[in-house]
Amino acid sequence: MLFQGGPYDGRDLPIQPPFAKVMRLPGEKDLAAFLGTAEEDPGATGLQTWPYLYELDEDAKPSIYRFKDV
């Protein structure tokens, strides 16, 4: 799944299919742990304390997650 904007701009993270409208991502050092959790629990959307918020844009083809500056 492609991410646009923010610290993960242009990254294609192994999250298939998109499983949440809104997702929080951790800093880079904690990303591997999140991806492992996402594979085991597709409903995982990240911890509230993680700093980077992304929202699924289903209208884009293919769908992407866009960074939300909050």
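Do we have any residue at all in the range 52-67 that's touching a strand residue (DSSP E or B) at 6+ places or on another chain (Cβ under 9 Å) and part of a helix (DSSP H, G or I)? No, every residue in the range 52-67 fails to be touching a strand residue (DSSP E or B) at 6+ places or on another chain (Cβ under 9 Å) and part of a helix (DSSP H, G or I).
Look at (1) surrounded by 11 or more Cβ atoms within 10 Å (Cβ to Cβ); (2) in contact (Cβ under 8 Å) with a residue 60 or more places away in the chain and you find that Met23 fails only one, number (2).
The numbers here are math on the coordinates, done by the rules we state, and not lab data. Note that the structure is predicted; figures quoted are calculated from it, not measured. Because the Cβ atoms are built from the backbone with ideal geometry, glycine has one as well, and the counts that use them run over all protein chains shown.
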